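Asks: Sending over a structure as structure tokens; questions will come in a sec.
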Amino acid sequence: MIQANRKNLGLVLRIALLTVFTTAAIAQSSAYQSKPEFLEQSLGTTQPQSDVIWFDDELRAVATRILGHPPGTMRMRYWFDGSRTAWIVDEIGKEKPITLGIVIQNGEIERMSVLQFRESRGWEIKYPFFTEQFDGVRLDKNDKLNERIDGITGATLSVRAATRSANLALVLSEHIRQPIQETIAAP
Amino acid sequence: MKPYLYCLGMVLLATAGPAASQTPDIDEIWEIVQQQQREIADLKARLADADAQLAAADEKIEATGDYLDSVAVAAPASATKIGGYGELHYNNLNATDSTMDSEEIDFHRFVLFFGHDFSDRVSFFSELELEHSLAGDGAPGEVELEQAYINYALTDSLSAKTGLFLMPIGFINETHEPPTFYGVERNAVENVIVPSTWWEAGAALSGHNEIGLSWDVALHSGLAMPTTGSSAFRIRSGRQKVAEAMASDPAVTFRLRYSGIPGLDLAASYQYQSDASQIAGDGLDAGNLFVANASYDIGAFRLKGLYSQWNFNGFAIEAADADKQTGWYVEPSYRFGTTKGEWGVYARHADVDGARTQDKFTQFELGANYWPVDNVVLKFDFRQRDHELASEVGRDFDGFDLGVGYQF
């Protein structure tokens, strides 16, 4: 019986080793987009026009309500080309900041990309099967996302971080949307 | 000449004389223009200077803003991190045999996480728990080290870890912070059959890919289940908790999981115990555990279920009719938001067939969670447990539980 157990264990260990090496061989080193790559893909150039939006008292209060904590910066930089804006937001999921790139046009999310994911759980959110849920999402009348974002089991905090970031980017884009439209309309 | 004409002529002469003397001549006008030119030049110079100062101030503000932004972004990612969770329970259970009634309040778990990043690739994570508030001789609780491992990120999608870590099995074992599950007490199946919280020491490899498939392979210490006494063949009693644990017969665990559709989670785990008692020839030999679990969200509605089964070899465990131990549960729930937080209601039916006579039962639960903020939860549930064996009917109970939990 003991010999049989050891034989079984040996077989299982061999299977385990095979799995390990197979896994290592097929594991993909997912290359994140760099910031210039994200901007080029979003706005057609690596150095688009940019500006900053400062968090005054009113805007800081709005951002705090959305994020559940005060924004970590005094201002937020954004890049634009016509009415299309691109935002890069750092938001903590459980322990570490997740860097998200969000492209917005006419009050609607055109694309979301995870530029850097550092958390130990919730890796699912960095892939298109998750981020594509945000395509076409807008603000509702309460300045919240107008569509439900389905979660990932065991990745609740990362999902929430992505959702908060999208919400903030949409609100900020609305904040600057009118001046941009005026600029475009100007001769 | 008439007298009035004479007077008029005198007045004109008197006024015309001084006016003619105040009109600047061409040289004076040139001087005035020169003076104004100098003043304009001076103003232009001052304006240029002001513009330069403004531009310099702008540059300084930009530089300061950039620096503060970079500091603000970097600060939360400090190398050492602390987190934690905790839960306070109140149980009020009425048993068929009133001597088995239970009415108690207990700070069931107080947990602190400590983690440290040694580099971008190498990190440490730990979980230290105080159970039941008080530990020591004669005290009801324990201080437990539930996780302590070094993780090495080989690539962005492949990592290895070694140390003391949680078994990649089921829902609760790896993710058990109170705001993440329904019910004051954890579900009975992932207590009796999958003995959560269950940790072992060893090494593991984990990987995932872009279609949402992930896998774990772990080689680790094994169970040491008792083969005699009141807890004979009880899986939960086989956890050695990596405390001077016997390590003659290791175990391996595999998990394959698919989470490539948001809202859907499918997983299957398999574990092989080479000798579940760590003692040769005692009638308990190898063990095989299979667990399948699934969760699916349809809008605010979630359906969740888990099935688990142990099969053991050995003449003693077969004689005790404990060589097959199973458990399953289904849990529908509905979560909705209000202006004052979120609510969730759930029901759960669990069927447990463990080794001990009191571990063969069905349990029905109905309850609600209220999250005033994301990471704090208040819980209420009603429970009813019915035992399979007539000898255990006295243990049948119904009652309610109240709880509060948090994580950070």
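Asks: What is the distance, in nm, between label points placed 7 Å from the Cα along the Cα-to-Cβ direction at B:Trp30 and at B:Met100?
Replies: Taking the simple label geometry, B:Trp30 and B:Met100 are separated by 12.2 nm.
Asks: If R₀ is 30 angstrom, what is the calculated FRET efficiency for the pair A:Glu40 and B:Leu128, using the beta carbon separation as r and rounding to 0.05? Before the final figure, lay out the partial values.
Replies: Details: r = 47 Å, r/R0 = 1.55.
After rounding, the FRET efficiency stands at 0.05.
Asks: Oh, and also: Take the Cβ-Cβ distance between B:Ala368 and B:Tyr296 as r, set R0 to 22 Å, and report the resulting FRET efficiency rounded to the nearest 0.05.
Replies: Working: r = 21 Å, r/R0 = 0.95.
Calculated value: 0.60.
Asks: Taking the Cα centroid of segment B:353-377 and of segment B:125-204, what is the distance between the two, rounded to the nearest whole Å?
Replies: 18
Asks: Let me ask something else. Treat each spin label as a single point 7 Å out from the Cα along the C-beta direction, and report the B:Ser78 to B:Tyr258 distance in nm.
Replies: 4.4
Asks: With label points built 7 Å along Cα→Cβ from the Cα atoms of B:Gln309 and B:Glu59, find their separation and express it in nm.
Replies: Between B:Gln309 and B:Glu59, the label points sit 7.5 nm apart.
Asks: Kirkwood hydrodynamic radius, computed over distinct alpha-carbon pairs, for segment B:250-408: how many Å, to one decimal? Write down the numbers at each step before the final one.
Replies: Details: mean 1/r = 0.0546 Å⁻¹.
Answer for segment B:250-408: a Kirkwood hydrodynamic radius of 18.3 Å.
Asks: Shielding by partners for A:86-96, please: the mean number of other protein chain Cβ atoms within 10 Å of each residue's Cβ.
Replies: Taking all residues of A:86-96 together, the mean is 3.
Asks: When chain B is modelled as a GNM with alpha-carbon springs shorter than 10 Å, which of B:Leu145, B:Leu68, B:Leu166 fluctuates the most?
Replies: B:Leu68
Asks: Relative contact order, percent, of chain B when contacts are C-alpha pairs under 8 Å separated by at least 6 residues? Each step should come with its number before you reach the end.
Replies: Details: 930 pairs, mean separation 52.2, N = 408.
Relative CO of chain B lands at 13 percent.
Asks: Could you order peptides B:31-44, A:145-158, B:234-247 by the average number of other Cβ atoms within 10 Å of their residues, highest first?
Replies: On the way: B:31-44: 10.2, A:145-158: 20.0, B:234-247: 16.9.
The peptides rank, most packed first, as A:145-158, B:234-247, B:31-44.
Asks: In what sequence, highest mean first, do B:250-260, B:383-393, B:92-102 appear when ranked by Cβ atoms within 10 angstrom?
Replies: On the way: B:250-260: 20.5, B:383-393: 15.5, B:92-102: 12.6.
Highest-to-lowest ranking by the protection proxy: B:250-260, B:383-393, B:92-102.
Asks: Counting only other chains, what is the mean number of Cβ atoms within 10 angstrom of the Cβ of each residue in peptide A:117-129? Present the calculation step by step, with values, prior to reporting the outcome.
Replies: On the way: counts 1, 5, 0, 8, 2, 1, 9, 9, 1, 4, 8, 2, 7.
So the per-residue partner count for this stretch is 4.
Asks: Still on this structure, please answer the following. Can you work out the FRET efficiency for the pair B:Ser231 and B:Tyr406, with r the C-beta to C-beta distance and R0 = 41 Å, to the nearest 0.05?
Replies: Efficiency, rounded to the nearest 0.05: 0.80.
Asks: What is the helix-to-structure angle for B:3-22, meaning the angle in degrees between its Cα long axis and the longest Cα principal axis of chain B, kept from 0 to 90 and rounded to the nearest 10?
Replies: 50
Asks: A further question on this structure: If the convex hull of the alpha-carbon atoms of chain B is projected onto planes in all directions, what is the mean projected area in square nanometres? If you can, show how the numbers build up before the last one.
Replies: Details: hull surface 162.2 nm².
Directional mean of the projected Cα hull area for chain B stands at 40.5 nm².
Asks: Okay, moving on. Under 5 Å between amide H atoms, partner at least 5 residues away or on a different chain: which partners does B:Ile169 have, H built in plane at 1.01 Å?
Replies: Placed amide hydrogens put B:Glu174 under 5 Å from B:Ile169.
Asks: With everything on Cα atoms, drop me the angle between helix B:26-74 and the longest principal axis of chain B, reported from 0 to 90° to the nearest 10.
Replies: With rounding to tens, the tilt is 0 degrees.
Asks: Can you give the net charge of the other residues whose Cβ lies under 9 Å from the Cβ of B:Asp353, counting K and R as +1 and D and E as -1?
Replies: Details: positive: B:Lys324, B:Lys360; negative: B:Asp351, B:Asp359, B:Glu388.
That works out to -1.
Asks: Further question: I'd like the Karplus ³J(HN,Hα) series for segment A:84-92: coefficients 6.51, -1.76, 1.60, θ = phi - 60°, whole numbers in Hz, and an x wherever there's a Gly or Pro.
Replies: 3J(HN,Hα) across segment A:84-92, in whole Hz: 8, 10, 10, 10, 10, 10, 9, 9, 7.
Asks: Next question. Order of A:132-144, A:114-126 by packing, highest average Cβ count within 10 Å first?
Replies: Details: A:132-144: 14.3, A:114-126: 20.9.
Top to bottom by mean Cβ count within 10 Å: A:114-126, A:132-144.
Asks: Have a look at B:Gly281, A:Ala61, B:Gln36 and report the one farthest towards the positive end of the charge dipole of the protein assembly as shown, computed about the Cα centre with Cβ charges (Lys/Arg +1, Asp/Glu -1).
Replies: So the residue furthest toward the plus end is B:Gly281.
Asks: Please report the spacing between the Cα centers of segment B:381-408 and segment A:136-153 in Å, no decimals.
Replies: 38
Asks: Here is a further query. Gap in Å between the Cα centre of segment B:85-101 and the Cα centre of segment A:41-101?
Replies: 49
Asks: Hey, another quick one. Over the alpha-carbon set of the protein assembly as shown, divide Rg by the Kirkwood Rh and report the Rg/Rh ratio to two decimals. Write down the numbers at each step before the final one.
Replies: On the way: Rg = 35.8 Å, Rh = 28.5 Å.
The Rg/Rh ratio comes out at 1.25.
Asks: Could you state the orientation-averaged shadow area of the convex hull built on the Cα atoms of segment B:101-199, in nm² to one decimal? The partial results should precede the final answer.
Replies: Working: hull surface 33.3 nm².
One quarter of the hull surface, i.e. the mean projection, equals 8.3 nm².
Read-outs throughout are calculated quantities, based only on the coordinates presented, and are distinct from any laboratory measurement. Keep in mind that this is a model prediction, so the values were computed, not measured. Glycine gets a Cβ as well: all are built from the backbone with ideal geometry, and neighbour counts include every protein chain shown.
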